[in-house]
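Rule-based calculations on the coordinates, nothing more; no lab input. This is a predicted model, so every value here is computed, not measured. Here the Cβ positions follow ideal geometry from the backbone for every residue, glycine too, while neighbour counts run over all protein chains shown.
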Amino acid sequence: MNSRKIRFWTFLMLLFVAVTSVHGQLNLGAPPLPTASVTRFVPVSISLRDITFDMDVAIRNPYPAKLPLESIRVNYSVEGTQVFEARTTERFEVPANGQSTNTFKVVLPYEALINTVRNYVEKDYLNTKADIRASIPLPRLPGVPATFDFDARFDVRIPAIKPRVAIVGFKVEPPSQQEVTQALQRASISAAPQRVVNMLNNILTGRPAEPVIRPEDLDLPFRVSFDIELENQSRAAISFPSLEFTLIVDGTALVSGRSSQVNTSGTKTVTRVTNTFSSKSLNESIRNAFQRGTGTFRITGSSSLQLPRDVLDKPLPLQFNEEGQFNLR
């Protein structure tokens with residue numbers, strides 16, 4: 001074999017060794033992948049219609065470019081049956097060569113549970129699984145996949161709630177003649193106090209009322225009392241120490257306040273309200289409701305729900321926003 005052929009084969013061997021070495025170095029120096037985990041998934045508030053969870057997601061970004069996370073899917077299942085899929089709507093970015101933890105809120109509506117869980121009204125608490133899945137688009141780099149996917153699973157227990165809310169025993173006491181006299185003097189309105197008293201009594205009882213004055217022009221106290229009945233048609237007890245509330249009648253906010261007169265028996269909780277409202281609230285809509293003797297109500301408000309310690313070790317904020325029909329007399 002002549003020297004030219006020897007040099008040629010030697011060159012090929014050296015080239016093969018060099019390519020193999022470079023390929024191995026590239027594999028060893030491949031860009032790393034992100035890391036991600038769901039560090040917390042806990043209920044943070046509840047209403048009679050849904051329950052809200054906080055979900056903390058921690059991500060480390062090893063790249064010199066931001067990483068976007070646009071959506072996370074949470075699949076809820078009860079007793080092996082999927083009941084609802086929630087998607088986060090908040091978008092956040094992990095800084096380049098950095099890390100970030102972000103809190104997402106995800107909501108589970110009770111309607112999905114009522115419509116899906118077998119024998120729902122026989123339940124008190126539901127063993128619920130939350131399967132969390134997310135996908136992060138990655139920068140276009142050699143050796144880096146198009147996306148980074150991660151998942152997590154949490155087990156939570158939640159109360160079974162199917163509410164019925166009613167306003168019962170609604171009674172209104174009109175102002176006295178002395179209070180009417182003083183209010184007329186303050187407003188510099190000339191009218192016979194007894195005629196005003198008669199007019200107000202007729203409004204409250206649904207009888208024809210002589211329009212002596214406009215009730216909105218005076219600031220007269222009407223004493224009102226009623227019960228807010230909350231019955232859970234499932235088996236979980238819903239109890240709270242007090243209730244901050246606003247009662248809206250036919251679209252007009254009539255009474256606001258706080259009541260600590262709360263009594264719970266089994267799955268029924270009754271909140272007794274004793275309060276006042278001003279004649280300034282007696283607009284045409286409210287007067288028509290008294291004339292009919294019926295109206296629509298909306299109760300909004302807040303409290304705190306104490307769950308068993310094996311479910312949650314601290315009270316859960318409770319939000320009220322319920323509506324229906326009721327009798328005004």
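Assuming charge only on the beta carbon of Lys and Arg (+1) and of Asp and Glu (-1), the dipole of the range 35-159 about its Cα centre is about 280 debye to the nearest 20. Applying the Karplus relation 6.51 cos²θ - 1.76 cosθ + 1.60 with θ = phi - 60° to the range 220-232 yields 3J(HN,Hα) values of 10, x, 10, 8, 10, 9, 6, 10, 9, 9, 10, 10, 8 Hz, where x marks Gly and Pro. Put a dot 7 Å past the Cα of GLN99, heading toward its Cβ, do the same for VAL42, and the two dots end up 2.1 nm apart. Comparing VAL74, VAL197, VAL106 in a Gaussian network model of the chain, where Cα atoms under 10 Å apart are tied by springs, the biggest mean-square fluctuation is seen for VAL197. Calculated from the structure at hand, log10 I(q)/I(0) by the Debye sum over Cα atoms at q = 0.09 Å⁻¹ is found among (1) -0.70; (2) -0.43; (3) -0.49 as (1). Straight-line reach from LYS123: taking Cα to Cα under 27 Å and skipping same-chain neighbours fewer than 8 places apart, the lysines in range are LYS105, LYS162, LYS268, LYS314. For the chain, the relative contact order comes to 15 percent (Cα pairs under 8 Å, sequence separation of at least 6). Among ASP227, ASP155, the order by Cβ neighbours within 10 angstrom, fewest to most, reads ASP155, ASP227. In order along the range 109-125, the Karplus-derived 3J(HN,Hα) couplings, from 6.51 cos²θ - 1.76 cosθ + 1.60 at θ = phi - 60°, round to x, 5, 4, 5, 6, 4, 7, 10, 6, 5, 6, 4, 5, 8, 8, 10, 10 Hz, and Gly and Pro are given as x.
Taking amide H as placed 1.01 Å from N in the peptide plane, LEU67 has its amide H under 5 Å from the amide H of VAL94, each at least 5 places away in sequence or on another chain. Mind checking the angle between helix 177-187 and the chain's longest principal axis? C-alpha axes, 0 to 90 degrees, to the nearest 10. That helix lies at roughly 70 degrees to the long axis. Once backbone amide H atoms are built at 1.01 Å from N, TYR125 has ALA160 as its partners under 5 Å, excluding neighbours fewer than 5 places away on the same chain. Shown in residue order for the range 56-62 are the 3J(HN,Hα) couplings computed by the Karplus curve 6.51 cos²θ - 1.76 cosθ + 1.60 at θ = phi - 60°: 9, 10, 10, 9, 10, 10, x Hz (x for Gly and Pro). The distance separating the Cα centre of the range 137-163 from that of the range 90-126 comes to 11 Å. Ellipticity at 222 nm from helices only: DSSP H runs of n ≥ 4 in the chain, each -39500 (n - 2.57), divided by the residue count, give -6500 deg cm²/dmol.
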